[in-house]
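Colleague: Pasting a structure below so you can have a look.
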Amino acid sequence: MIYADNAATTKMSEAAVRTMVSMLEEGWGNASSLYSHGQRAKEILEKAREDIAAVIGAEPREIYFTSGGSEADNQALRSAAAFGRRKGKMHIISTAFEHHAVLHTLKALEKEGFAVTLLDVHENGLVVPAEVEAAIREDTCLVSVMYANNEIGTIQPIREIAAICKEKGVLFHTDAVQALGHIPVNAEDGFDLLSASAHKFHGPKGVGFLYARKGVPLTNLIEGGAQERGKRAGTENVPAVAAMAAALQETAGHMAENAAHMTAMRDRLIEGLKQIPHSALNGDAEKRLPGNVNFCFEGIEGESLLLLLDDKGICASSGSACTSGSLDPSHVLLAIGRVHDVAHGSLRLSIGEDITEAQIDEIIAAVKDVVTYLRGFSPIWRDLVAGKKEFIL
Amino acid sequence: MALYSEKVMDHFRNPRNVGVIEDANGIGEVGNAKCGDIMKMYLKIENGIVEDVKFETFGCGSAIASSSMATELIKGKPVKEVRQLTNKAVAEALDGLPDYKMHCSVLAEEAIKAALEDYQSRTGISIDE
């Protein structure tokens, strides 16, 4: 099997598994308990907080553990919105291609009276900082722009946007779920709030964290005990948190070499797939995550492509409607201007650190085969080739 | 549980009656690219019998499997029987489809009906008899 869906989830690293198992066996105490067995769990929890903070150049007290990226996104947006409301500022700026954890929270906030501006992400899938600046109003309380997009992998100009927000006195949140562990992410970038998820960097599922710069007031999503400085109730999942820290330290420790290898493999894959006629890379070719490749192939549909790749032992994903469970294809592909017809024929391959050149070549050959096969009995392809319809790509 | 039944996967992986009939006397195309599914059915009807049928489909696994199964269900059958084909029969023959994929079987039924109507308007032979 060639696993090329690391943007969906990653395999846990050995270090993360080892840490988690040993914690489950021995460090299972309640971190809020007074006796030493509980306090040992507390120590491990706080050590994990320090380790994670160190990786992103933050202070340990700025890290709040959550159940994952979605919860962190929800809490970041709700916190900034509540803060804004108290000051009479009820306008939020974000982008059209955020993760649904952000977009759906914004929809909910709109119903609660907030005004939301979604910025264009253009054909290359990049936010333009000057457009962020132009969109900021007197009553803007928050700007939320993802660090890197989960479907097309484009890396956003986070430092520039953060600088603009700082100058204008507006809070800035970034969803770094796809970025952390893969490209440098540091509090020096200037964000006020950041969301992260462990299972995207070889940690366990069901755990993540919210970074909130000192002084940024948080609003609870979950009320209860005084865990996480009173901002997130619930007995801490110490084994998962410790495993997340172990995974992050490992990926961050090898980031440069991993990125160099993956970027070379990514570009080899892009070059290979480009040779398929009437195909196009989605998103900027340079400003993209080392592991992300996303293509549209005209005349075919993504789900059948995925099923046939699965038969060849390749795990990938698509932004077609059939894979999303709705009639519309991926909102990300629509946001970069791909029309429905073409967006249905998309393929995302998100490669891992251990991908080999031979595997890349195997993927290229498999995709070529399957695309050719499906086009062979596609009525759209027949019309395109016969000149009855114009090629889009 | 797998996404699709074994029957669906079999018809998806090894679709029956794929292709084009050059001298078809009934052609039906339904669906649209915007929604992500297009089915085209080619019929060769002689003496009130569907002597040959072929299909082309742009769509997901269940759309391809539904087209394939539909062609198997109507090949060699009299037109008046083919007219009665329902999407439910297609889905049942595939050992079921997920709820949100039932529209694929509807497309198969509609494509065949469109092809029969095309046959009627081309030949002037009523399909209601």
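We did not get these values from a lab; they are worked out from the coordinates using the rules stated. Bear in mind the structure is a predicted one, so any value in this text is a computation, not a measurement. Glycine gets a Cβ as well: all are built from the backbone with ideal geometry, and neighbour counts include every protein chain shown.
Colleague: For segment A:294-313 and segment B:75-121, what is the separation of their Cα centres, given in Å?
Modeller: When both Cα centres are located, 26 Å separates them.
Colleague: Identify all lysines with a Cα-Cα distance to B:Lys44 below 30 Å; exclude those on the same chain that are fewer than 8 residues away in sequence.
Modeller: A:Lys388, A:Lys389, B:Lys7, B:Lys34, B:Lys54, B:Lys75, B:Lys77, B:Lys80, B:Lys88, B:Lys101, B:Lys113
Colleague: Continuing with the same structure: Assuming R0 = 41 Å, what is the FRET efficiency of A:Lys11 and B:Glu46, from their Cβ-Cβ distance, to the nearest 0.05?
Modeller: Values: r = 58 Å, r/R0 = 1.41.
The calculated FRET efficiency here is 0.10.
Colleague: Same structure again: For a quick check of your reading of the filter: which trypsin sites (Lys or Arg not before Pro) in segment A:13-88 sit in a DSSP loop and have no more than 11 other Cβ atoms within 10 Å?
Modeller: Sites meeting the loop and neighbour criteria: A:Lys87.
Colleague: Which angle between 0 and 90 degrees, to the nearest 10, do you get for helix A:238-253 versus the longest principal axis of chain A when only C-alpha atoms count?
Modeller: 60 degrees
Colleague: Follow-up. Just report the Cα centroid separation between segment B:1-41 and segment A:186-216, whole Å.
Modeller: Answer, in whole Å: 46.
Colleague: Just tell me the longest site-free run in chain A, where the sites are chymotrypsin sites (Phe, Trp or Tyr not before Pro) in a DSSP loop having at most 15 other beta-carbon atoms within 10 Å.
Modeller: Counting at most 15 other Cβ atoms within 10 Å as exposed, the longest clean stretch of chain A is A:36-390.
Colleague: With r defined as the distance between the Cβ atoms of A:Ala260 and A:Lys166 and R0 fixed at 30 Å, what FRET efficiency is calculated, to the nearest 0.05?
Modeller: Step by step, r from the Cβ atoms, then E = 0.40.
Colleague: Would you mind estimating how fast segment A:255-386 diffuses translationally, via Stokes-Einstein at 25 °C and 0.890 mPa s with the Kirkwood radius over Cα pairs, in µm²/s?
Modeller: D, rounded to a whole number, is 164 µm²/s.
Colleague: Next question. Using the basic label-point model (7 angstrom from Cα toward the beta carbon), what is the B:Lys7 to A:Val339 distance in nanometres?
Modeller: 3.8 nm
Colleague: Follow-up question, since we're still on this one. For segment A:139-206, take the alpha-carbon Rg, divide it by the Kirkwood Rh, and send me Rg/Rh.
Modeller: Reported Rg/Rh, Kirkwood definition of Rh: 1.00.
Colleague: Please report the relative contact order for chain A, taking Cα pairs under 8 Å with a sequence separation of at least 6, and give it as a percent rounded to a whole number.
Modeller: Values: 810 pairs, mean separation 82.7, N = 393.
Rounded, it is 21 percent for chain A.
Colleague: Right, here's the next one. What Cys residues in chain A have no fellow cysteine's beta-carbon under 4.7 angstrom?
Modeller: A:Cys141, A:Cys165, A:Cys296, A:Cys315
Colleague: Two decimals is fine: what's Rg over Rh for chain A, C-alpha atoms, Kirkwood radius as Rh?
Modeller: Rg/Rh for chain A comes to 1.00.
Colleague: Hey, another quick one. Over segment A:255-386, what relative contact order in percent results from Cα pairs under 8 Å that are six or more residues apart? Before the final figure, lay out the partial values.
Modeller: Details: 190 pairs, mean separation 40.6, N = 132.
Worked out over segment A:255-386, it gives 31 percent.
Colleague: Here's something else I'd like to know. Quick one: among B:Ala111, B:Ala65, B:Ala93, which has the greatest mean-square fluctuation in a GNM of chain B with alpha-carbon springs under 10 angstrom?
Modeller: So, out of B:Ala111, B:Ala65, B:Ala93, the one fluctuating most is B:Ala93.
Colleague: With both partners inside chain A, how many of the DSSP beta bridges are antiparallel, as a percent to the nearest 5?
Modeller: Values: 20 of 38 bridges.
Among the beta bridges of chain A, antiparallel pairing accounts for roughly 55 percent.
Colleague: Which residue fluctuates the most in chain A, going by a Gaussian network model with Cα springs under 10 Å, if the choices are A:Val121, A:Val21, A:Val177?
Modeller: Largest GNM mean-square fluctuation: A:Val21.
Colleague: Rank the residues A:Val339, A:Val145 as a footprinting-exposure proxy: fewest other Cβ atoms within 10 Å of their Cβ go first. Don't jump to the answer; show the numbers that get you there.
Modeller: Working: A:Val339 14, A:Val145 26.
Ranking A:Val339, A:Val145 by Cβ neighbours within 10 Å, fewest first, gives A:Val339, A:Val145.
Colleague: If you wrap a convex hull around the C-alpha atoms of chain B and split its volume per residue, what is the figure in Å³? Show your work: numbers first, answer last.
Modeller: Working: hull volume 11.8 nm³, N = 129.
Value for chain B: 92 Å³ per residue.
Colleague: While we're on this one: Rounded to the nearest 500 deg cm²/dmol, what is the calculated helix-only ellipticity per residue at 222 nm for chain A, with -39500 (n - 2.57) per DSSP H run of length n ≥ 4?
Modeller: -13000 deg cm²/dmol
Colleague: Let me ask something additional. Where is the GNM fluctuation largest for chain A (alpha-carbon springs, 10 angstrom cutoff): A:Ile164, A:Ile222, A:Ile314?
Modeller: In the Gaussian network model the winner is A:Ile222.
Colleague: Also, I was wondering about something else. Looking only at segment A:356-386, which residues have a backbone nitrogen under 11 Å from a spot 7 Å from the Cα of A:Asp311 in the C-beta direction?
Modeller: Answer for segment A:356-386: A:370, A:373-374.
Colleague: Shifting gears a bit: Counting only pairs 8 or more residues apart or on different chains, how many lysine pairs in segment A:12-114 have their Cα atoms under 27 Å apart?
Modeller: Details: A:Lys87/A:Lys107; A:Lys87/A:Lys111; A:Lys89/A:Lys107; A:Lys89/A:Lys111.
Close lysine pairs found across segment A:12-114: 4.
Colleague: Still on this structure: Say each of B:Thr123 and A:Leu281 gets a label point 7 Å from the Cα, pointing the same way as Cα to Cβ; how far apart are those two points in nm?
Modeller: Taking the two extended label points, one gets 5.3 nm.
Colleague: Related question: Loop only per DSSP, at most 13 neighbouring Cβ atoms within 10 Å: give me the GluC sites (Glu not before Pro) in segment A:329-393, ordered by residue number.
Modeller: Numbers: sites: A:Glu353, A:Glu357, A:Glu362, A:Glu390; in loops: A:Glu353, A:Glu390.
Those that pass, being in a loop and sparsely packed, are A:Glu390.
Colleague: Now for a separate question. Out of segment B:30-72, which trypsin sites (Lys or Arg not before Pro) are coil in DSSP terms and have no more than 16 other C-beta atoms within 10 Å?
Modeller: B:Lys34
Colleague: Extending each Cα 7 Å along its Cβ direction at A:Arg85 and A:Glu362, get the distance between those two points in nm, one decimal.
Modeller: 5.3 nm
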